[in-house]
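First comes the structure, then the notes that go with it.
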Amino acid sequence: MANTKQARKRSHQARVRNQHNTALRSRLRTAIKKVRKAIAGGDKAAATAELRASTRVVDSIADKKVVHKNLAARNKSRLAAAIKAMA
C-alpha cells in the first residue's frame, strides 16, 4: 500500500491511465473486427468503407502510443490485403 501522498496520487493516476488505455485498445480491436466482419460478408465496397473508418481509429490510438506504430501499420496492411484479395 502507498505510504505517502505522492505515492497514493501516482497509484491513482496509474489506475486511471490503465482504464483509459484499456478502453482505447478495446476500440482498436472493435474497429478491426468490424472490417473483418465486412470482409466475411463479401461486400467489397462496405469492407473498404469500414477500412477507411477503422484506419482513423487505429492511427489515432497509435499516435497516443497506446499500441506500437508497427502494430497499427501491420493491422492496416493485413486488412487492406484481405480486401484486395476479395477481387
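Each value in this text was obtained by applying a stated rule to the coordinates, not by laboratory testing. Model, not experiment: these values are computed from the prediction. Don't worry about glycine lacking a Cβ; one is built from the backbone with ideal geometry, like all the others, and counts go over all protein chains shown.
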What is the Cα coordinate range of segment 5-84 on the first, second and third principal axes, sorted by size from largest, in whole angstrom?
-> 56, 21, 14
Computed Rg/Rh of segment 44-87, alpha carbon atoms with Kirkwood Rh = 1.02
Kindly state, to the nearest 0.05, the FRET efficiency for residue 69 paired with residue 8, given R0 = 41 Å and r defined as their beta-carbon distance.
-> 0.75
Mean residue ellipticity (222 nm) of the chain, computed from DSSP H runs ≥ 4 via -39,500 (n - 2.57), nearest 500 = -29500 deg cm²/dmol
Would you please state which residues of segment 65-87 a label at residue 17 would reach in this model, taking the label point 7 Å out along Cα→Cβ and a backbone N cut-off of under 15 Å?
-> 65-67
How many lysine pairs does the chain hold where the Cα atoms are under 16 Å apart and the two sit 8 or more places apart or on different chains?
-> 9
Have a look at 65, 44, 33 and tell me which one the Gaussian network model of the chain (Cα, springs below 10 Å) gives the largest fluctuation.
-> 65
